[in-house]
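Below: one structure, written as structure tokens.
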Amino acid sequence: MPDTVLILGSSGRIGRHSAAAFARAGWLVRRYTRGTDMREAAKGCAVIVNGLNPPNYHNWAGLLPRITADVIAAAKASGATVVLPGNVYHFGDTPGTWSECTPPRPVARKGDLRLEMERTYAACGFQTIILRAGNFIDPDRQGCMWTELYLRKPGTLTLPGPERTRQAFCYLPDWARAAVALAELRTQLDPFEDIPFPGHTLSAGDIAAAVEAVTGRPLRRSSFPWWAMRLASPVWEMARELTEMRYLWRTDHALCAKRLSALLPGFAVTPLDEVVAAYLHTAPDGQASHVAVAP
């Protein structure tokens, strides 16, 4: 009989792509309904994918511990393995290739909160797999950084930092495929696993070049209005929270591939041109059908 996975946050980015990937792999997929008893929903599940996250950085200090406590209670009640999307916030502003061995050096409050959350999972006594990724690339363009920042204006690449500073990016269908593969290896893994997902390491210039190669049209450059975010911070939560993370766009970094390659030696990410084409919904003639580009 197929194993069952409980997807938390099934309408969100992680949840949607995880549900699809587990279903393709033959798992029974159960979607959690917010406001219901999570422990009851987790009964009979082998794996819980925690795609819950406060939207737009809202009240992380209050909401993250509540979500964590609910997931831990559900996992303890069911004996399920938790798969958790990690991020890079706790690495701080020291450039480099970050791995599971890189000491945490958070320089922002959200880095502290995520580090505390992960330490809570590590100490709770059931299996947790953190699959750590950088900025999400969602082919459905649901609230990811390409949509909200880099490609937010038609025909323009918005620069949040230096054009050649690299960041870790994660194409969400790839993350979901890796999550399934690790879930299927769970009996061979340690009780607490911190696994970087290398994805694509890209500068803003790399993103522009990839989009231009797919569309055949140039992108203008503009700078992100950080000054406006600072002005709005006292009255707009999202502006305040985003400004706190500005350091990431000034910190050249990548995620180490060694651990994931050792566990999943045959795993390959989607080539960048295919990622761009899927994101732009590019038609067979090479013209982007949903995203306007410069004439």
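Listed values, structure above:
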quantity: Mean ellipticity per residue at 222 nm, deg cm²/dmol - from DSSP H runs of n ≥ 4 across the chain, formula -39500 (n - 2.57); calculated: -10500 deg cm²/dmol
quantity: Antiparallel content of DSSP bridges confined to the chain, in %, to 5; calculated: 15 percent
quantity: For the chain: relative contact order, % (alpha-carbon pairs under 8 angstrom, 6 or more apart); calculated: 19 percent
quantity: Heavy-atom SASA rank of ILE7, ILE72 (probe 1.4 Å, accessible area, largest first); calculated: ILE72, ILE7
quantity: Carbon + sulfur, % of accessible area of the chain - ligands and nucleic acids excluded, 1.4 Å; calculated: 53 percent
quantity: Estimated translational D of the range 81-180 in µm²/s (Stokes, Kirkwood radius over Cα pairs; 10 °C; 1.306 mPa s); calculated: 104 µm²/s
quantity: In Hz, Karplus ³J(HN,Hα) per residue of the range 139-144 (6.51, -1.76, 1.60; θ = phi - 60°; x = Gly, Pro); calculated: x, 8, 6, 9, x, 8
quantity: Contour minus Cα-Cα distance for THR94 and ARG66 (0.36 nm per residue); calculated: 7.1 nm
quantity: Listed candidates [x] 159; [y] 201; [z] 134 - label of the one calculated as volume of the Cα convex hull per residue in Å³; calculated: [z]
quantity: Near-label residues of the range 247-266 by backbone N, under 16 Å of a point 7 Å along Cα→Cβ of ALA181; calculated: 256-266
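The values are calculated or read from the model by the stated rules, or taken from the named source; none is laboratory data. Just so it is clear, the structure is predicted and the values come from calculations on it, not from any experiment. So basically every Cβ, Gly included, is an ideal-geometry build from the backbone, and we count neighbours across all protein chains shown. The area values use the complete protein model at the heavy-atom level, side chains included, leaving out ligands, DNA and RNA. Shrake-Rupley method; radii C 1.70, N 1.55, O 1.52, S 1.80 Å.
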